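Heads up, the thing below is written out as structure tokens.
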Amino acid sequence: MQLQYFLLAAAALFCIGVYGLVTSRNAVRVLMSIELMLNAVNLNLMAFSNYLDPAVIRGQVFTVFVISIAAAEAAVGLAILLSIYRNRDTVDMEQFNLLKW
Amino acid sequence: MNLAEGVQLVSFIILTVMMLGAALAVVLTPNIVYSAFLLGAVFSAMAGLYLLLNASFVAAAQILVYVGAINVLILFAIMLVNKREDFAPVKYAWTRKIVTAAVCGGLFLLLGTTIITTPWAIDSTAAAGDEAIYILGEHFFTDFLLPFELVSVLLLMALIGAIVLARRDIIPDGDALGDDLKLPEKPRELVSAVASSESESN
């Protein structure tokens, strides 16, 4: 088992998250893609923590912080999504142009 | 390669294939409910990878917070905005997909070459293992005390903010209540997407 395997898996997961973030039309799927990207970063931190810093494990501390901030982000993001749905009656990302021009 | 390393490698391969396949399906399936359940599979596979990385506490936190809270929250959000609508086709949508796929592939190649060519300073001391939870507690209450307290304040702010954002502005049967029980807010008009697009075209 090597560090590079975990880092490559995390990079692939991050790229899938970026693809979903850009191409999704449904706003809920955009939030799911953000969660995927956050998980990829978490996997990076955990791999570094295990292979480069196994005695002090600062990476696990950062992972716990990222998990709690992801929970806060999901709650606020879904609340914003419900509010937008109530006002615009759609979840299509192409229709959310209130602040565009 | 002894038996333990073989078992580790095989479980790593199984978990990674499960994680990447489920993540691709999350992004690509047309049905949003399926992708929400597949997101739970991604989170569970991530917890297994954390176990492979000697972090049992973070794996348990991952299951509790991601699968137990965030995934259920996303499912509830899907049920609340459950509107079967066919999105209006956008011009050059396939161009957008191809360009995004090319950019993501390039990003992956860039990250991959960086990962492979970097000489990592692997530390070969024994991993913390089951002692990790004690070390984590020490970190939280010594050198990471300020971020720890700030995270608690941030969670409280997110809780209040989510309630304020998602609350309905009017109670449906407001007249049945007394005046002092009514929310002191004006009902807002529904800004429908159709009306705004018509006004834009005018």
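By the scheme Lys and Arg +1, Asp and Glu -1, what is the net charge of all other residues having a beta-carbon under 12 Å from that of B:Leu80? Could you put the intermediate results ahead of the total?
On the way: positive: A:Arg86, B:Lys83, B:Arg168; negative: none.
Its environment carries a net charge of +3.
Per residue of peptide B:49-56, the mean number of Cβ atoms on other chains within 10 Å of the residue Cβ is 6. Taking 0.36 nm per residue of separation and subtracting the current Cα-Cα distance, fully stretching the chain between B:Leu145 and B:Val103 would add 11.2 nm.
Carbon and sulfur atoms: what percent of the 1.4 Å accessible area of chain A do they account for? On chain A, the fraction of accessible area on carbon and sulfur atoms equals 67 percent. Legend: mean number of C-beta atoms from other chains within 10 angstrom of residue C-beta atoms, peptide B:17-28, equals 5. Counting, for every residue in B:82-89, the Cβ atoms of other protein chains within 10 Å of its Cβ and taking the mean gives 3.
Accessible surface area normalised per residue over the protein assembly as shown is 56 Å², counting heavy atoms of protein chains with a 1.4 Å rolling probe. For the chain pair B and A, the interface hides roughly 7400 square angstrom of accessible area in total, found with a 1.4 Å probe.
With the cut-off at 1.5 for a/c, could you classify the protein assembly as shown from its C-alpha gyration tensor as rounded, prolate or oblate? Verdict is oblate for the protein assembly as shown.
Annotation: peptides B:77-90, B:103-116, ranked by per-residue average of other Cβ atoms within 10 Å with the highest first, follow the order B:103-116, B:77-90. Note on exposure: B:Ile74, B:Ile163, B:Ile32 ranked by accessible area (1.4 Å probe, complete protein assembly) read B:Ile163, B:Ile32, B:Ile74, with the most exposed listed first.
The values are calculated or read from the model by the stated rules, or taken from the named source; none is laboratory data. Please read these numbers as outputs of a predicted model, since none were measured by experiment. Here the Cβ is made from the backbone with ideal geometry for all residues, glycine too, and neighbour counts use every protein chain on show. We work out accessible area using only protein heavy atoms, side chains counted, and drop any ligands, DNA or RNA first. Shrake-Rupley method; radii C 1.70, N 1.55, O 1.52, S 1.80 Å.
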